[in-house]
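The values are calculated or read from the model by the stated rules, or taken from the named source; none is laboratory data. Treat the numbers as computed from the prediction; the structure is a model and nothing was measured. Here Cβ is always computed from backbone atoms with ideal geometry, including for glycine, and neighbour counts include all displayed protein chains. Surface accessibility is based on the protein's heavy atoms, side chains included, excluding ligands, DNA and RNA. Shrake-Rupley method; radii C 1.70, N 1.55, O 1.52, S 1.80 Å.
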Amino acid sequence: MKLTSKSVSRAALAFTVLAATTAATVLTATSASAASTLGASAAQTGRYFGTAVAASRLGDATYVGILNREFNMVTPENEMKIDATEPSQGRFSYSNADRIVNHARSQGMRVRGHTLAWHSQQPEWMRYMEGSSLRQAMLNHVTQVASYYRGKIYAWDVVNEAFEDGSSGARRNSNLQRTGNDWIEAAFRAARAADSNAKLCYNDYNIDNWSHAKTQAVYRMVQDFKSRGVPIDCVGFQAHFNSGNPVPSNYHTTLQNFANLGVDVQITELDIEGSGSSQAQQYQGVTQACLAVSRCNGITVWGIRDSDSWRASGTPLLFDNYGNKKAAYTSVLNVLNSGSPSTPPDTTEPPTTTPPGDGCTTTYAEGQKWGDRFNGQVTVSGSDNWVVTVTLQSPQRVIATWNTSPTWDSSGLVMTARPNGNGNVFGFTIQHNGNWSWPSLTCSVG
């Protein structure tokens, strides 16, 4: 989140709110053990519920009272950004960030670090740098700040907002981008060297809709990083929504597809302009989407009260100007309390290799499991021009695939997979509907 407004598109989008949010009434929690605060209710499913915090408001009793009561994760709003932590080159200042970190830790909260490398909110000395000098300055900043907070940060937004809006899918033309197309990778490697335990995230806005070019561009970058061993652990979805840019109907699909790459997903800067039941339903939908993806670690709202928001006139948060809970708060709490951890059966076995078929062999390995579904991964050897037949057992169905171009028979139980230019490893998510059996595979040369 910037100090100034983001260039969030206001064009009318032909997307509806998540199907789960179309109900006219908000879900009502019925669990006898329902938690009464956001952080406690999120913790019941192994997640967090956090907020952005400004050091200047830590003297506000109402603000701090809500912070301490409701949240279990904190993100410094501006105090860890480059202009705040390195106002002059080589001279670092951590006093305001330390106030937030120390407060959070004293309350048993964890901290998300935001952000190490960004084209915006750079100090004046950095804004006019280019080339190798800028590259070295950026890497030194990443190293120094991440090292200073080593052991105190749950996750870092290592790089923030590096892609253009619109339909190009291009990188943003920033001074950092002009140091070379590998600058993002270099920043992640420097962050890992400085702090081996913190999760390392790429963070951006307008990557919520799966069909958008910007979303696809970030997805391809993460896919590439994972394939080459670049140390990326998570993707942050800022999730700034309004009437012109509502929660997309495919939001859950977006989160799940990124998670299928082997990274965690985090909703990092959530705010939704509006009021009443409409706002409550959209908050409900975002929360349901996170709960539906096992690798969604948690949700952070970007501020506590509406008056604390960078979009205050849009009343986008869970508490009003006076600190009262809004309908959106109740909808989020009820969804969190309705969720429960689900433990799938222990069906994990070593990878299984099929006998050689017509010129190729497949090796199947079970991936991540959830209460209602599981991932499978297939590695093909012997040919780059393969055709793999994946046969499910009723009532199973495949609900997502990656690295392949599949077709189906009329029953929906037989999937024919072919390469789509992303190598000889592909995968899928099976909704098991009570049948945890692995699919059977056959392979032939196409």
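Taking the alpha carbon gyration tensor of the range 395-446, multiplying each eigenvalue by 5 and rooting it gives semi-axes of 20, 12, 10 Å, largest first.
Modelled spin labels at ARG110 and ALA35, positioned 7 Å past Cα toward Cβ, are 1.2 nm from each other. How many nm is it between the label spots at TRP408 and ALA170, if each spot is 7 Å from the Cα in line with the beta carbon? My value for the distance between the label points is 3.8 nm.
About its Cα centre, the range 171-249 has a charge dipole of approximately 180 debye under the convention of +1 per Lys or Arg Cβ and -1 per Asp or Glu Cβ, with nothing else charged. Quick one: net charge of SER313's neighbours, Cβ under 11 Å, K/R +1, D/E -1? Residues close to SER313 contribute a combined charge of -1. Among GLY151, TRP183, ASN297, which residue has its Cα positioned farthest towards the positive end of the charge dipole of the chain, with +1 placed on the Cβ of Lys and Arg, -1 on the Cβ of Asp and Glu, and the dipole taken about the Cα centre? Highest projection toward the positive end goes to GLY151. When the convex hull of its Cα atoms is viewed from all sides, the chain shows a mean projected area of 22.5 nm².
When only Cα pairs below 8 angstrom with a gap of at least 6 residues are kept, the chain shows a relative contact order of 15 percent.
Here the accessible area is traced with a 1.4 Å probe on the protein chains. For the chain, carbon and sulfur cover 48 percent of it. Charge dipole of the chain (Cα centre as origin; +1 on each Lys and Arg Cβ, -1 on each Asp and Glu Cβ, all else neutral): 460 debye, rounded to the nearest 20. Applying 0.36 nm per residue to the separation of ARG397 and ARG91 and subtracting their alpha-carbon distance, the gain on full extension is 104.5 nm. Put simply, when 319-326, 55-62, 330-337 are sorted by average Cβ atoms within 10 angstrom per residue, most first, you get 330-337, 319-326, 55-62. With the simple model of a label 7 Å out from the Cα in the direction of the Cβ, SER278 to SER243 spans 0.5 nm.
Accessible area per residue for the range 122-231, computed on protein heavy atoms with a 1.4 Å probe, is 39 Å².
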